[in-house]
1. Residue by residue through segment 353-378, note down the ones that are farther than 18 Å from residue 399 by Cβ and either modelled with pLDDT of 85 or more or in a loop (DSSP other than H, G, I, E, B) (or both).
2. Test residue 342 against the criterion of being out of contact with any helix residue (DSSP H, G or I) (no Cβ under 9 Å at 6 or more places or on another chain), exposed (fewer than 14 other Cβ atoms within 10 Å of the Cβ), within 23 Å of residue 313 (Cα to Cα) and outside the structural domain of residue 442 (by TED's automatic domain parsing), and give yes or no.
3. Of the conditions (1) surrounded by fewer than 18 Cβ atoms within 10 Å (Cβ to Cβ); (2) under 29 Å from the mean Cα position of the chain (by Cα), residue 405 fails just one. Which one is it?
4. What number of residues in segment 217-248 are in a helix (DSSP H, G or I) and touching a helix residue (DSSP H, G or I) at 6+ places or on another chain (Cβ under 7 Å)?
5. Out of (1) touching a residue at least 60 places away in the same chain (Cβ under 8 Å); (2) crowded, with 19+ Cβ neighbours inside 10 Å; (3) under 30 Å from residue 285 (Cβ atoms), what's the single condition that is false for residue 329?
6. If we scan segment 427-449, do we find a residue that is surrounded by 15 or more Cβ atoms within 10 Å (Cβ to Cβ), in a helix (DSSP H, G or I) and out of contact with any helix residue (DSSP H, G or I) (no Cβ under 8 Å at 6 or more places or on another chain)?
7. Which number in (1) touching a strand residue (DSSP E or B) at 6+ places or on another chain (Cβ under 9 Å); (2) without any contact (Cβ under 8 Å) to a residue 40 or more places away in the chain; (3) assigned to a helix (DSSP H, G or I) marks the one condition that residue 337 misses?
8. Could you tell me whether residue 387 is in a loop (DSSP other than H, G, I, E, B), out of contact with any helix residue (DSSP H, G or I) (no Cβ under 7 Å at 6 or more places or on another chain) and closer than 27 Å to residue 357 by Cβ?
């Protein structure tokens, strides 16, 4: 979910929360005035500040319910559970995706208001263990409800993050309350130092959390290369799993190349979309441009075309919605199809040849070479009409520029990593049969293409699948090309 979508959803639930406050005020106000004050002759009153904090707390609870399960109706997770403590952090480290880190931080921030408002609404809950325990129990209830109802995934990391958020919020509000209390007792000379010590202790959750994230991002920024999604820090459980091979593996290590790939920006995407639409005698409809975290979707001013650009590798997709129902052309040669694409200002890489794939499309599928020369790889697919127009294009071809040479592990060493379980969890499986192995390039989180071994396997006798094992021996080296 995009940040703008999260903000929009939160705004909707804030409005709903305000409605709940108004309804509660009417009901409780009538009960207080007619029953408590008149019938029961009660004398207790509430200050405006108390009522304000109570209203804010009710609004927060509505937003919390919306974020954790009300807004997830119909998703149907089926009562799934996560994979253990810190699993989401390991996944975020492997992909080093802005979205994953943002979600972890938002999970912490979601419960900061809980820690702030509990001591303000309920003065009897100003002891840290009461607030910490309440935050923990609330998030456990939410996770259990998600598991039972199927409206989310029960994860230990959510419980951890939410509890930490409660602790941070409590520390912040108590720092303010301690400061106010200390200012009101000027005659006690020992109070200021005690207040400072208590205030610092209450900020330890915030300090440790900020330090942990700072350390993670500092280590990542100091790394030469990015992280590979295929590089597993912890192995999957291989107990009871038989791994066998139909082929023999080389035990020779060798050198190959790491490549750079282009990672674009929003400005680069804007220029690409503007150029493409100009070739079609139209322009971008700025009111419909839809930015995502790692891509952006454009629409033409006449509403006929969409153009979706992905920053990683600057790959893109184009669709002409007026032509989707027209009959596709399959009788053109690859050269004729390439000429037709040229009229749309789409130029194919040198050496790339379009071929009909038997499914009303023409495509290029290429593996990048690993000889240290500039190369390209990926897939290009287009669908054309018989009257010489383009229905759609999926351009996932990526240009690779040599960066530096590197040492890689042997096929045998990679196979041993597979046997040990250092690959993406395949789920429940009893037998893995290796049918073949090849070397390819895989893009890391910093836009470098690293060598990997791609094992062709069959799991429990089912259809052919792939297991990818990183091949890089080290992340430092010479021969960098400037």
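1. 355, 357, 358, 359, 360, 361, 362 - these are the residues of segment 353-378 that are farther than 18 Å from residue 399 by Cβ and either modelled with pLDDT of 85 or more or in a loop (DSSP other than H, G, I, E, B) (or both).
2. Yes, satisfied.
3. Condition not satisfied by residue 405: (2).
4. 0
5. Unmet condition: (1).
6. Scanning segment 427-449, I find no residue that is surrounded by 15 or more Cβ atoms within 10 Å (Cβ to Cβ), in a helix (DSSP H, G or I) and out of contact with any helix residue (DSSP H, G or I) (no Cβ under 8 Å at 6 or more places or on another chain), so the answer is no.
7. So residue 337 meets the others, but not (2).
8. Yes, satisfied.
The values are calculated or read from the model by the stated rules, or taken from the named source; none is laboratory data. Please read all numbers here as calculations on a predicted model, not as lab measurements. Glycine gets a Cβ as well: all are built from the backbone with ideal geometry, and neighbour counts include every protein chain shown.
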